[in-house]
Structures are given as C-alpha cells and as structure tokens.
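A short write-up of the structure that comes next.
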Amino acid sequence: MARYTGPVCRLCRAEQKKLMLKGDRCKSDKCAINKKRPAPGKDPKARAGKRSDYGIQLREKQKLKRIYGMQEKQFGLFFERALRMTGITGENLFVLLERRLDNVVYRLRFASSRSQARQVVLHGHITVNGKRVNVPSYLIKAEDEIAVGETSKGLVIVKDALKEFGKSGVMPWLQLDPDAMKGKFLASPRRSDITDLADIKEQMIVELYSK
C-alpha cells in the first residue's frame, strides 16, 4: 500500500484524536481537533452509529499505525515480531515502535514530528554510535548514542525542534545533551512509561490480528 500523501489533518479528524503529525501546528489553535471539526465523510449520521467490535479494533490499529507513520505491511511485520517475543504482545509492539530510529530522533527533539524525523534520517543527518544511519526503521538498542551529524548541526529545522527540550524535556528512557546535539537510548521503555499514548488500547490491536 502506498504511503498516504494527502492532508494529514484529515487523519486526525478521522480518528478524532491528535496524532501529532504536524509538530507545532498540532499544539496551536490551527489544529483541526482544537477547532472541533467533524470527521471527514459525507454522512455524519452514519458516523454517529454504534461501531462493531471489529470497527473499534480497526480504529485502534489505524491510530497507532498513523501515529508512528507506518505503512500497513510494515506495521504487520512489527506485530509479527512482537508476537514472537516473550512477554505481552501489545507491550512488545509498543517497545519495538519506540525503538525505531525515526521515533527516537523525534523523541530526542531533533525533529518536531515523526514524519520530519523520518526525512532527517533518510537524508543522512543522523548517526548511531558514530556511524551514519539512514534507515528510519533501524532498531535502537540500550546504550546506543544517537546524534546529529557534524555537518548537519547547522540545520534550522533541528535547531528549531530542539527548542522544545527546554519546555518539555525528553522521555525518561532517553538522555539528551542539547548543546552537543546528541542523546542516548538508556533502556527500552515499559508500556506504562509511554504516557502520551496511554489512551491507545493495544489489546484491541492484538485481538484484531488474532482473527
């Protein structure tokens, strides 16, 4: 399935939830969710009807997939990998998604959104343990050092994104030196640590894939 290239605010409206797809715009009054705009579609009455269990499970999967900016096939592969791991499948899935390089770059405030982080990685601006890595799905391990490349430290988008560190800091499983533009992935997070996605019901996603 091709990557969605339409207006991303439409995706937030479809889920009636801020998916944080446009960085600073999502925190401003311009956000479609703040404006309480209805979900896209021609029949508001149909949207208001009761959803089936399958429909609810599908929406949870779509929300999580869109938050992390993944295509259907790739998300399915991550789920299969989570299923093979020991422990609770839903929690394993979150851990794998948080370990993605594009997500870590976003979490370290090197980009204002995951889509921007993906571009920063693809364009070769990020190093892992001193080596340039341009694969957004690369899985980071505990104690890995993630940094902005020496020749990329002047990028305006990175400097602007780093301003958020002074307001919000970083997640507890990360460590950041904003002046050196480098950080460390201390350890894989627990599900309870991912507080900004606490409303995602991962068990429904597990049930969807189990059908």
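The values are calculated or read from the model by the stated rules, or taken from the named source; none is laboratory data. A quick note: this is a predicted structure, and the numbers were derived from the prediction, not measured. Virtual Cβ from ideal backbone geometry, glycine too; neighbours counted across all protein chains shown.
Can you pull out every residue in segment 148-176 that is in contact with a helix residue (DSSP H, G or I) (Cβ under 9 Å, 6 or more places away or on another chain), farther than 16 Å from Gln116 by Cβ and not in a loop (DSSP other than H, G, I, E, B)?
Within segment 148-176, Leu174, Leu176 qualify.
Checking Thr151 against (1) closer than 23 Å to Arg81 by Cα; (2) without any contact (Cβ under 8 Å) to a residue 12 or more places away in the chain: exactly one of these is not met. Which one?
Result: Thr151 fails condition (1) only.
Among what's in segment 156-176 and is in contact (Cβ under 8 Å) with a residue 12 or more places away in the chain, surrounded by fewer than 18 Cβ atoms within 10 Å (Cβ to Cβ) and touching a strand residue (DSSP E or B) at 6+ places or on another chain (Cβ under 9 Å), pick the residue that is farthest from Phe110 (Cα to Cα).
Top of the filtered list is Val170.
Quick one: in segment 114-152, of everything that is under 16 Å from Met171 (Cβ atoms) and among the small types (Gly, Ala, Ser), which residue is surrounded by the fewest Cβ atoms within 10 Å (Cβ to Cβ)?
The qualifying residue surrounded by the fewest Cβ atoms within 10 Å (Cβ to Cβ) is Ala142.
Name the single residue, out of those in segment 177-211 being part of a loop (DSSP other than H, G, I, E, B) and among the polar types (S, T, N, Q), that is surrounded by the most Cβ atoms within 10 Å (Cβ to Cβ).
Ser188
Is there any pair with a first residue in segment 69-81 that is at pLDDT 95 or above and a second that is of a type in the set (A, V, I, L, M) and surrounded by 14 or more Cβ atoms within 10 Å (Cβ to Cβ) whose Cβ atoms are under 7 Å apart and which are 6 or more apart or on different chains, and what are they?
Pairs found: Phe78/Leu93; Phe78/Leu96; Phe78/Leu97; Phe79/Leu93; Arg81/Leu96.
Kindly evaluate Gln203 against the criterion of being closer than 25 Å to Phe75 by Cβ and in contact with a Gly (Cβ under 9 Å, 6 or more places away or on another chain).
yes
Looking only at segment 112-147, how many residues end up being under 20 Å from Pro178 (Cα atoms), in contact with a Gly (Cβ under 8 Å, 6 or more places away or on another chain) and either part of a loop (DSSP other than H, G, I, E, B) or basic (Lys, Arg) (or both)?
7
In segment 134-155, what residues are of a type outside the set (Gly, Ala, Ser) and closer than 16 Å to Ala111 by Cα?
If the condition is that a residue be of a type outside the set (Gly, Ala, Ser) and closer than 16 Å to Ala111 by Cα, then Asn134, Val135, Pro136, Ile146, Val148, Lys153, Leu155 are the ones that fit.
Restricting attention to segment 93-148, which residues are touching a residue at least 24 places away in the same chain (Cβ under 8 Å) and basic (Lys, Arg)?
Listed by number, the residues that qualify are Arg99, Arg100, Arg107, Arg109, Arg114, Arg118, Lys141.
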